[in-house]
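Colleague: Submitted below is the structure of interest, expressed as structure tokens.
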Amino acid sequence: MGNDEVVDKHGNAETMDSAWLSRLAEQGGGDAKSHLKAVAKVLGLPLSSEKVASALDSKLQILPSCQRKSFLVPKNKTIPGTDEKLAAPENDCIYLVGNSLGLQPVRTRQLVIEELDKWAELGVNGHWTGDRAWMPIDEHVIEKSAAVVGALKSEVAVMNSLTVNLHLLFVSFYRPEGKRRKIMYEAGCFGSDYFAFESQARLHGLDPKEVLMPVQARPGEEALRTEDVVDAIKAAGDSLATFCFGTVQYYTGELFDVATITKAVQSVGAKALWDCAHAAGNADLKLHDWGVDGACWCNYKYLNSGPGAIAGFFVHERHHNRGLPLLAGWWGQKQATRFDMAHVWKPEADASAWRLSNPPVLQTVSLLASLEVFARTSMSELRGRSMLLTAYLELLVLGLSHPSISVITPSEPHKRGCQLSIKFSEDRMCDTTFQALERRGVVVDHRKPNVIRVAPAPLYNTFIDVWRFYVAFGEALDEACGAPAAKRAKA
């Protein structure tokens, strides 16, 4: 078997190329762990060996789905809390928190400075002048955004922030009438989503306690089962007005079966909305093909557009130009008549009708810098790479066999994104381990109760990153249990 080959389940050698990664993703990633173990076996080494991680990187980092050189990785010396005795100051930190804020693309600074220079040199004339005139600046990111989320260009707008866009979707798709007034959501949803649901109920003069329908996981389980969600939808029946879940659950990392759940929602006459904050740029979404009514996402996580970045918005084409109620603004007006200033509403005939104001230029070109990197690969190839990275992370973490931790993210690759949520048996152990990781130059995040989230973003994270985390995590666990800190990290 060659250095760039693996063996499939039939014993045939396959080249680990872009097409192979895409097939792995399309088949649900079920063979990801066996492929990783096969590489270690060929090398005659345990999976936990650094040489295995290096071998995997040598096979896969030359493919378009690995774009690490296109991003700026912070050094240990700039990360707060890092101990130079445990993490060499000039080394890259171990950045596994793209689920919270993605890394800065190398080209972002150049694009932003170009627009600042244009502002300085042209003033207001920048709205109409140059290759990226400000008036239609979002046209440079809409088609590329649509490709990332599996949508038609006409179905996507780039505007506002995530929760604003969620409210705009509810204005159009939450129209309580008679018995049909319930909002169904995941019981453990992100707080901002919950506040949106609650306030939308109140906006219609309804009592949130009577309207909101949380779906709980089974006792003793963290993840929601698809069949339980579908059963809840069927039970709600014609009382259900709007369904809204996070596509990837922020706490557990579970990726929901969007197609199956959306079909169930629409079968009872309700509308299916999805918050794709943790899914856009992470999972291989097919918003158009799945028939989703509406969706929104932020662009600062896996889409690497900077803190507080401009957000994404989706409305399926079947709802376009149908007179849906919406909050109107002049940027939703037809471009040809926008500056007539007449008080006559003539909206665009696609998702652009939901736009309110002209897009912020600096945020838009920050998004463009990242989307240009995504355009070098495909979401299917990227997803295949992600499945391998997270499977490798899971195998190494479980190999530690530590009694204080458990992985609450589904083990099946098709039921999760890149994030792995590690739950601790107690607060103290979680907090102490997190602090010990910080001292070792590991950047992850902590979510209550008792979870450390680790997210190897496939566009820039490597197998060596994952291996370095594994070493640091083992040391951090030992330190949290009372062992003295190592004089220096092993990597």
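The values are calculated or read from the model by the stated rules, or taken from the named source; none is laboratory data. Just so it is clear, the model here is predicted, and its values are computed rather than measured. Neighbour counts are summed over all protein chains in view; Cβ atoms, including those assigned to glycine, are modelled from backbone coordinates with ideal geometry. Only protein heavy atoms, including side chains, enter the accessible area calculation; ligands, DNA and RNA are left aside. Shrake-Rupley method; radii C 1.70, N 1.55, O 1.52, S 1.80 Å.
Colleague: Listed residues VAL164, VAL124, VAL141; which is β-branched (Val, Ile, Thr), loosely packed, with under 15 Cβ neighbours inside 10 Å and modelled with pLDDT of 95 or more?
Modeller: Numbers: VAL164 fails: loosely packed, with under 15 Cβ neighbours inside 10 Å; VAL141 fails: loosely packed, with under 15 Cβ neighbours inside 10 Å.
Exactly one residue qualifies, and that residue is VAL124.
Colleague: Give the residue that is farthest from THR260 (Cα to Cα), with candidates limited to residues of region 203-217 that are out of contact with any Lys or Arg (no Cβ under 7 Å at 6 or more places or on another chain), assigned to a loop (DSSP other than H, G, I, E, B) and not acidic (Asp, Glu).
Modeller: Residue satisfying both the conditions and the ranking: GLY205.
Colleague: Six or more apart or on different chains, Cβ under 8 Å: which pairs go from a residue in region 466-483 that's closer than 16 Å to ASP431 by Cβ to one that's open to solvent by less than 10 Å² (accessible area, probe 1.4 Å) and modelled with pLDDT under 95? Could you list them?
Modeller: Qualifying pairs under 8 Å: none.
Colleague: Among what's in region 290-333 and is outside any loop (DSSP other than H, G, I, E, B) and among the charged types (D, E, K, R), pick the residue that is farthest from the chain's Cα centre (by Cα).
Modeller: Of all residues in region 290-333, those outside any loop (DSSP other than H, G, I, E, B) come to 294-297, 311-315, 317-319, 330-333.
Applying the additional criterion that residues be among the charged types (D, E, K, R) yields 317-318.
On the way: GLU317: 23, ARG318: 26 Å.
If we take residues in region 290-333 being outside any loop (DSSP other than H, G, I, E, B) and among the charged types (D, E, K, R), then ARG318 is farthest from the chain's Cα centre (by Cα).
Colleague: So, one more: Take GLU115 and decide whether it is open to solvent by less than 60 Å² (accessible area, probe 1.4 Å), in a helix (DSSP H, G or I) and of a type outside the set (A, V, I, L, M).
Modeller: yes
Colleague: Return yes when ARG383 is more than 18 Å from the chain's Cα centre (by Cα) and under 30 Å from ASP57 (Cβ atoms) and no when it is not.
Modeller: In short, no.
Colleague: Also, quick follow-up: Please tell me if ALA88 is in a loop (DSSP other than H, G, I, E, B) and either polar (S, T, N, Q) or at pLDDT 95 or above (or both).
Modeller: Criteria met by ALA88.
Colleague: If you don't mind, another one. Touching a residue at least 60 places away in the same chain (Cβ under 8 Å), crowded, with 18+ Cβ neighbours inside 10 Å and either of a type in the set (Lys, Arg) or not in a helix (DSSP H, G or I) (or both): which single residue out of LEU21, LEU63 fits that description?
Modeller: Matching residue, one of LEU21, LEU63: LEU63.
Colleague: Are there any strands (runs of 3 or more DSSP E) wholly within region 409-491 with 3 or more residues that are open to solvent by less than 10 Å² (accessible area, probe 1.4 Å) and farther than 14 Å from ILE94 by Cα, and if so which?
Modeller: Because the criterion is at least 3 residues that are open to solvent by less than 10 Å² (accessible area, probe 1.4 Å) and farther than 14 Å from ILE94 by Cα, the strands (runs of 3 or more DSSP E) in region 409-491 that meet it are 420-424.
Colleague: Give me the residue from region 41-60 that is open to solvent by 30 Å² or more (accessible area, probe 1.4 Å) and among the aliphatic types (A, V, I, L, M) and, out of that set, farthest from LEU382 (Cα to Cα).
Modeller: Going through the qualifying residues, I end up with LEU45.
Colleague: Tell me, please, whether a residue that is within 18 Å of the chain's Cα centre (by Cα) and not β-branched (Val, Ile, Thr) can be found in region 124-144.
Modeller: Within region 124-144, one or more residues are within 18 Å of the chain's Cα centre (by Cα) and not β-branched (Val, Ile, Thr).
Colleague: Of all residues being assigned to a strand (DSSP E or B) and more than 26 Å from GLY312 (Cα to Cα) in region 167-202, which is most open to solvent (accessible area, probe 1.4 Å)? Just the residue, please.
Modeller: Ranking the candidates gives GLU177 first.
Colleague: In region 39-60, what count of residues is obtained for those that are in a loop (DSSP other than H, G, I, E, B) and within 24 Å of the chain's Cα centre (by Cα)?
Modeller: 0
Colleague: Scan region 208-217 and give yes if some residue there is open to solvent by less than 50 Å² (accessible area, probe 1.4 Å) and closer than 29 Å to THR364 by Cβ, otherwise no.
Modeller: No: region 208-217 contains no residue that is open to solvent by less than 50 Å² (accessible area, probe 1.4 Å) and closer than 29 Å to THR364 by Cβ.
Colleague: When SER145 is evaluated against the numbered criteria (1) under 30 Å from HIS278 (Cβ atoms); (2) out of contact with any Gly (no Cβ under 7 Å at 6 or more places or on another chain), which criterion, by number, is the only one it fails?
Modeller: In the conditions (1) under 30 Å from HIS278 (Cβ atoms); (2) out of contact with any Gly (no Cβ under 7 Å at 6 or more places or on another chain), SER145 misses (2) alone.
Colleague: Still on this structure: Among the residues of region 265-286, how many are within 15 Å of PHE243 (Cα to Cα) and either of a type in the set (Gly, Ala, Ser) or under 19 Å from the mean Cα position of the chain (by Cα) (or both)?
Modeller: Looking only at region 265-286, we keep the residues that are within 15 Å of PHE243 (Cα to Cα), and these are 265-276.
Imposing the further condition that a residue be either of a type in the set (Gly, Ala, Ser) or under 19 Å from the mean Cα position of the chain (by Cα) (or both) reduces the set to 267, 269-270, 272-276.
Selection size over region 265-286: 8.
Colleague: Report, by residue number, each residue of region 149-161 that is open to solvent by 10 Å² or more (accessible area, probe 1.4 Å) and either small (Gly, Ala, Ser) or part of a helix (DSSP H, G or I) (or both).
Modeller: GLY150, ALA151, LYS153, SER154, SER161 - these are the residues of region 149-161 that are open to solvent by 10 Å² or more (accessible area, probe 1.4 Å) and either small (Gly, Ala, Ser) or part of a helix (DSSP H, G or I) (or both).
Colleague: Counting only residues that are part of a helix (DSSP H, G or I) and not charged (D, E, K, R), which one in region 66-80 is farthest from GLY306 (Cα to Cα)?
Modeller: Out of the qualifying residues, it is ASN76.
Colleague: Sticking with this structure for a sec: I'd like to verify a number: residues in region 302-320 that are open to solvent by 10 Å² or more (accessible area, probe 1.4 Å) and on the phi > 0 side of the Ramachandran plot, how many?
Modeller: Final tally of qualifying residues: 2.
Colleague: Sticking with this structure for a sec: Would you be able to say whether some residue in region 226-237 is at positive phi and either surrounded by fewer than 22 Cβ atoms within 10 Å (Cβ to Cβ) or outside any helix (DSSP H, G or I) (or both)? Explain how you work it out, then say what you get.
Modeller: Kept after step one, since they are at positive phi, are these residues of region 226-237: 237.
Within this subset, residues satisfying the condition of being either surrounded by fewer than 22 Cβ atoms within 10 Å (Cβ to Cβ) or outside any helix (DSSP H, G or I) (or both) are 237.
There is at least one residue in region 226-237 that is at positive phi and either surrounded by fewer than 22 Cβ atoms within 10 Å (Cβ to Cβ) or outside any helix (DSSP H, G or I) (or both).
Colleague: Which of the residues spanning region 80-123 are β-branched (Val, Ile, Thr), within 30 Å of GLU475 (Cα to Cα) and over 23 Å from the mean Cα position of the chain (by Cα)?
Modeller: Result: THR82, single match.
Colleague: Considering only region 382-408, state which residues are surrounded by fewer than 24 Cβ atoms within 10 Å (Cβ to Cβ), in contact (Cβ under 8 Å) with a residue 60 or more places away in the chain and in contact with an Asp or Glu (Cβ under 7 Å, 6 or more places away or on another chain).
Modeller: Listed by number, the list holds a single entry, ILE408.
Colleague: Output the number of the condition that GLY130 fails; it satisfies all remaining conditions of (1) part of a helix (DSSP H, G or I); (2) small (Gly, Ala, Ser); (3) open to solvent by 40 Å² or more (accessible area, probe 1.4 Å).
Modeller: The number of the failed condition is (1).
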